[in-house]
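Some notes on the structure that comes next.
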Amino acid sequence: MEIQVIQQNGLLLVDSREVAEMIEKRHDHLLRDIDGYVTILSQTPSLGADTFFIESQYISGTGKTYKCYLLTKKGCNMVANKMTGEKGVLFTAAYVTKFEDMENKLKSPRVLTEKEQLKASMKLSLENSEEVGMLKEEVAEIKDTLKNKMTIDHAKQSVLQSQINIRIAKLWDIEETKQNFSKRKLYSKLHSNLHRAFMVTSYKDVKDTEFDEALSWVKTWRPLI
């Protein structure tokens, strides 16, 4: 018989029924022996009886439930150490080999099935798609932020300054304006009102997105008399 090592809750274990069959011993006799080992180990809690033997159950062909143990590698060691002769040697060789095979198998990366590979590929594509979407949104937000903070360039500054000069010249042609303002004061007042209207310290700091609005504002500006 070839002994089977199973994985359960992160532990590698062997069923006591398989151990009994392997060492050609009645299962109830092996259970009696293990019960004795557990009793002795339990007297010293630090040894951890459940790190050797884990009590379990199985259902027989008749539907009845019976007791069994799941043995860790240390539990198998203890059973093997109580044996002598050929049976003990063969059992030790069998369980040591099986535990090592299982440990190596768990260490090695599992080869994915075609279905699992397709599923993993689709998941990766979806994640990449979501990441690209998020990056696009972030880039758009950055562009909007930069656009809102960007001030007019030199060419637009010249256009705005030219429009200011034109507006002052038109207003200066009005006699009422001449009576209440000097040309210098007129310039000063326009600039002061422009700064407050667009929340800037100079016409050069007008935001690029507000350039057209600033031009319209200058073209219709009038000083309060």
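The values are calculated or read from the model by the stated rules, or taken from the named source; none is laboratory data. No experiment lies behind these values; they were computed from the predicted model shown. All Cβ positions, glycine included, derive from the backbone under ideal geometry; neighbour counts span all protein chains shown.
Points to keep in mind about this one:
- Meets criteria (more than 15 Å from Met22 (Cα to Cα), touching a residue at least 12 places away in the same chain (Cβ under 8 Å) and over 39 Å from the mean Cα position of the chain (by Cα)) for Lys67: yes
- Residue in region 129-137 that is of a type in the set (Ser, Thr, Tyr), modelled with pLDDT under 90, in a helix (DSSP H, G or I) and surrounded by 11 or more Cβ atoms within 10 Å (Cβ to Cβ) present: no
- Hey, Lys73 over 15 Å from Gln8 (Cβ atoms) and assigned by TED's automatic domain parsing to the domain that holds Asp15 or not: no
- Residues in region 71-125 that are over 18 Å from Arg17 (Cα atoms), of a type in the set (S, T, N, Q) and surrounded by 12 or more Cβ atoms within 10 Å (Cβ to Cβ): Thr97 only.
- Residue satisfying all of: in region 14-29; surrounded by 15 or more Cβ atoms within 10 Å (Cβ to Cβ) and among the basic types (Lys, Arg); farthest from the chain's Cα centre (by Cα) among these: Lys25
- Residue satisfying condition, being touching a residue at least 40 places away in the same chain (Cβ under 8 Å), loosely packed, with under 12 Cβ neighbours inside 10 Å and not polar (S, T, N, Q), within set Lys185, Lys149, Lys170: Lys149
- Any hit, region 28-41, residues being within 15 Å of Thr72 (Cα to Cα), modelled with pLDDT of 90 or more, of a type in the set (Gly, Ala, Ser) and in the same structural domain as Cys68 (by TED's automatic domain parsing): no
- Boolean, Cys68 is surrounded by 12 or more Cβ atoms within 10 Å (Cβ to Cβ), hydrophobic (A, V, I, L, M, F, W, C), assigned to a helix (DSSP H, G or I) and in contact with a helix residue (DSSP H, G or I) (Cβ under 6 Å, 6 or more places away or on another chain): no
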